[in-house]
Amino acid sequence: MSAPARVDPPEPDADSAPFWDGLRAERITLPRCTDCGRLRFPPIGRCPWCASASSTAETVDGAGSVYSWIVVHRAFHAAMRDEVPYVVATVDLDAGPRMALRLDDADGSVDFGLRVRPRFVHHPEWTELRMVPGA
């Protein structure tokens with residue numbers, strides 16, 4: 001795997017800081033609503049299902065399956081010009097939430113339901129969550 005492209009780091013807010021801090025420690029930390037019990041992504045201040053502002057942080061293992069995907073042939077950022085083509089997948093985590101993220105090492109064999117697991121890509125100032133086949 002080549003070195004990750006240099007892109008601007010995310011700017012965490014109070015709601016997303018536990019998620020980004022967790023990634024740095026190679027953990028996926030998501031808010032779980034204390035009223036309806038659902039995990040949510042992205043980490044936002046209120047539950048999109050019941051509107052509660054109450055939640056607790058929960059670590060999930062990140063295993064899941066591909067719901068959909070695209071192959072990117074044109075870099076959206078100049079720093080990623082040397083990385084095309086690459087796959088962006090929508091993944092249904094076994095824990096519940098759906099995430100859109102990069103899928104590495106797919107070698108053209110992506111299919112609906114492909115089992116995936118997390119890969120943590122460390123940049124100098126932040127850590128990126130990607131997925132790889134296998135779970």
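The values are calculated or read from the model by the stated rules, or taken from the named source; none is laboratory data. As the structure is a computational prediction, the values presented were derived from the model and not from experiment. Heads up, the Cβs are rebuilt from the backbone with ideal geometry, glycines too, and the neighbour counts pull from every protein chain shown.
Exactly one residue out of R81, R130, R117 is outside any loop (DSSP other than H, G, I, E, B), of a type in the set (K, R) and surrounded by 18 or more Cβ atoms within 10 Å (Cβ to Cβ): that is R130. Test G64 against the stated conditions and say whether it is among the small types (G, A, S), under 20 Å from P133 (Cα atoms) and at pLDDT below 95. The answer is no for G64.
Mind listing whichever residues of the range 4-41 are hydrophobic (A, V, I, L, M, F, W, C) and without any contact (Cβ under 8 Å) to a residue 24 or more places away in the chain? Spell out the reasoning first.
Of all residues in the range 4-41, those hydrophobic (A, V, I, L, M, F, W, C) come to 5, 7, 14, 17, 19-20, 23, 25, 28, 30, 33, 36, 39, 41.
Residues satisfying the conditions are A17, A25, C33, C36.
Scan F19, F76, F41, F112 and give me the residue that is modelled with pLDDT under 95 and not charged (D, E, K, R). Give the derivation first.
Working: F19 fails: modelled with pLDDT under 95; F41 fails: modelled with pLDDT under 95; F112 fails: modelled with pLDDT under 95.
After applying the criteria, what remains is F76.
Anything in the range 42-78 that is assigned to a loop (DSSP other than H, G, I, E, B) and either under 18 Å from V121 (Cβ atoms) or of a type in the set (S, T, Y) (or both)? List them, or say none.
Initial filter on the range 42-78 (assigned to a loop (DSSP other than H, G, I, E, B)): 42-54, 61-63, 73-77.
Matches in the range 42-78: S52, S54, D61, G62, A63, A75, F76, H77.
Residues considered: A106, A78, A63. Of these, the only one that is among the aliphatic types (A, V, I, L, M) and touching a residue at least 60 places away in the same chain (Cβ under 8 Å) is A63.
For A5, indicate whether it is crowded, with 18+ Cβ neighbours inside 10 Å, modelled with pLDDT under 95 and assigned to a loop (DSSP other than H, G, I, E, B). It is false that A5 is crowded, with 18+ Cβ neighbours inside 10 Å, modelled with pLDDT under 95 and assigned to a loop (DSSP other than H, G, I, E, B). Listed conditions (1) within 13 Å of the chain's Cα centre (by Cα); (2) surrounded by fewer than 15 Cβ atoms within 10 Å (Cβ to Cβ) are all met by L30, apart from (2). Got a number for residues in the range 50-64 being within 28 Å of R115 (Cα to Cα) and touching a strand residue (DSSP E or B) at 6+ places or on another chain (Cβ under 7 Å)? Qualifying residue count for the region: 8. Within the range 19-34, is even one residue touching a Phe, Trp or Tyr at 6+ places or on another chain (Cβ under 8 Å), assigned to a loop (DSSP other than H, G, I, E, B) and under 26 Å from R117 (Cβ atoms)? Yes: one or more hits.
Would you be able to say whether some residue in the range 42-56 is without any contact (Cβ under 8 Å) to a residue 24 or more places away in the chain, closer than 30 Å to D111 by Cα and outside the structural domain of P133 (by TED's automatic domain parsing)? So far as the range 42-56 goes, yes, one or more of its residues are without any contact (Cβ under 8 Å) to a residue 24 or more places away in the chain, closer than 30 Å to D111 by Cα and outside the structural domain of P133 (by TED's automatic domain parsing).
Do you know which of the residues in the range 85-96 that are surrounded by 19 or more Cβ atoms within 10 Å (Cβ to Cβ) and of a type outside the set (V, I, T) is nearest to F41 (Cα to Cα)? Spell out how you get there, then give the answer.
Here is the first cut: in the range 85-96, the residues surrounded by 19 or more Cβ atoms within 10 Å (Cβ to Cβ) are 87, 89, 91, 93.
Restricting the remaining residues to those that are of a type outside the set (V, I, T) gives 89, 93.
Numbers: A89: 15, L93: 10 Å.
My answer is L93.
Would you mind finding the one in S55, S109, S65 that is more than 20 Å from P31 (Cα to Cα), among the small types (G, A, S) and surrounded by 14 or more Cβ atoms within 10 Å (Cβ to Cβ)?
Working: S55 fails: more than 20 Å from P31 (Cα to Cα); S109 fails: surrounded by 14 or more Cβ atoms within 10 Å (Cβ to Cβ).
Answer to the check: S65.
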